[in-house]
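The values are calculated or read from the model by the stated rules, or taken from the named source; none is laboratory data. All of these numbers come straight from a predicted model, not from anything done at the bench. No Cβ is skipped: glycine too gets one built from the backbone with ideal geometry, and neighbour counts run over all protein chains shown. Accessible surface areas use protein heavy atoms only, side chains included; no ligands, DNA or RNA. Shrake-Rupley method; radii C 1.70, N 1.55, O 1.52, S 1.80 Å.
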Amino acid sequence: MNGLISVIIPIYNVEEYLDECIASVVNQTYQKLEIILIDDGSPDKCPQMCDKWARCDSRIKVIHKENGGLSDARNVGIEISSGEYISYVDSDDFIMPDMLEKLHSALVKADADIAACGILSCEGGKQTEWGCLDMVGTPEQIYELLYNDTAYPVAAWNKLYRRRCWETLRFPVGKTCEDAFTTYQLIHNARRIVMIPEALYCYRIRPGSIMTSAFSLKKMDEEEAWRCNYKFMEQHYPLFYKSSFDFYLQKVNGLVRLMDEEEKILFSEQYRFLREILKHNLGYVIFHSKISIKSRIKLVLDILQL
């Protein structure tokens with residue numbers, strides 16, 4: 001199916017936002033689409049809404065399944081997709097009308113395997129634009145950006161992929177922070193990656209989501225994901241081992257700082273685990289870390305307060 005883009009949309013409990021999301025994909029200027037709606041056992045009106053959309057547009061396929069989480073839904077979408085290219089849209093987000101056309105054009109022009117665009121984050125009535133660099137890069141160049149405050153966004157959804165990037169890779173079922181588990185491997189699978197600066201993906205930040213909620217056991221998946229990153233770098237890209245390990249330590253510190261005093265008691269085992277990682281690496285941070293002096297001082301002071 002030359003030129004076909006499979007757009008995978010996992011859906012769960014988002015009836016308030018679903019029509020806007022699907023409409024933004026249906027009305028893309030790039031029309032050669034296979035739109036896969038994965039109803040992940042949604043308890044609201046989403047299943048009926050998906051079926052209604054499928055009756056209106058022959059490009060839409062609907063899968064109704066038992067709830068298995070975001071990763072499982074995306075994986076189901078990958079398995080049944082037939083496009084030469086794959087893209088993801090979360091069902092509470094929406095995309096600009098020309099996002100897929102611009103990503104496809106950039107990918108083909110650069111002979112790249114992944115194309116990424118900037119992000120417009122929406123929280124309440126406030127919008128913040130996070131642009132990408134305008135560049136074509138090798139995996140090594142992209143890793144340098146990924147571990148530099150994620151200047152290459154770790155999210156799966158602001159990108160267009162050639163299908164071959166996913167041949168041996170799937171999202172980790174049962175985990176949160178699923179994009180951090182996969183992005184570093186996708187970069188490795190790509191020969192070349194193109195980035196365009198325009199903010200074409202609209203990411204909605206909702207109260208109560210895993211990204212905005214207080215500390216929970218699910219948050220520990222973030223530690224595991226970035227640990228997998230630095231271990232992969234150590235084995236395959238030793239030049240980026242230090243920067244990935246520095247990034248990991250900052251993520252661990254962020255998890256510790258997320259806990260209030262009650263949560264430190266409630267999740268005492270997890271708190272001790274994270275605290276010991278930081279305390280054990282205090283000497284490394286002082287003498288060997290590659291992060292900026294300002295960030296290093298902050299991290300050292302945070303560790304000394306533990």
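Data overview
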read-out	value
Test for Asp149: is it out of contact with any strand residue (DSSP E or B) (no Cβ under 7 Å at 6 or more places or on another chain), within 27 Å of Glu224 (Cα to Cα), part of a loop (DSSP other than H, G, I, E, B) and acidic (Asp, Glu)	yes
Residue match in the stretch 177-193 (condition: in a loop (DSSP other than H, G, I, E, B) and within 16 Å of the chain's Cα centre (by Cα))	yes
Test: residue in the stretch 123-135 that is open to solvent by less than 20 Å² (accessible area, probe 1.4 Å) and touching a Leu at 6+ places or on another chain (Cβ under 8 Å)	no
Failed item in (1) open to solvent by 70 Å² or more (accessible area, probe 1.4 Å); (2) under 16 Å from the mean Cα position of the chain (by Cα), with Pro207 passing the rest	(2)
Every pair of residues 6+ apart whose Cβ atoms lie under 6 Å, when the first sits in the stretch 10-30 and is under 18 Å from Pro47 (Cα atoms) while the second is part of a helix (DSSP H, G or I) and among the small types (Gly, Ala, Ser)	Pro10/Ala73
Subset of the stretch 245-285 (residues that are without any contact (Cβ under 8 Å) to a residue 40 or more places away in the chain and outside any helix (DSSP H, G or I))	Asn281
Count - residues of the stretch 213-244 that are part of a helix (DSSP H, G or I), open to solvent by 30 Å² or more (accessible area, probe 1.4 Å) and of a type in the set (S, T, N, Q)	1
Given (1) open to solvent by 20 Å² or more (accessible area, probe 1.4 Å); (2) in a loop (DSSP other than H, G, I, E, B), number of the condition Ser42 does not satisfy	(1)
Within the stretch 1-23, tally of residues that are open to solvent by 20 Å² or more (accessible area, probe 1.4 Å) and either under 19 Å from Lys159 (Cα atoms) or touching a His at 6+ places or on another chain (Cβ under 7 Å) (or both)	2
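Okay, residues lined up against (1) without any contact (Cβ under 8 Å) to a residue 60 or more places away in the chain; (2) in contact with a Lys or Arg (Cβ under 6 Å, 6 or more places away or on another chain):
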position: Gly3; (1), (2): no, yes
position: Arg59; (1), (2): yes, no
position: Gly83; (1), (2): no, no
position: Pro97; (1), (2): no, no
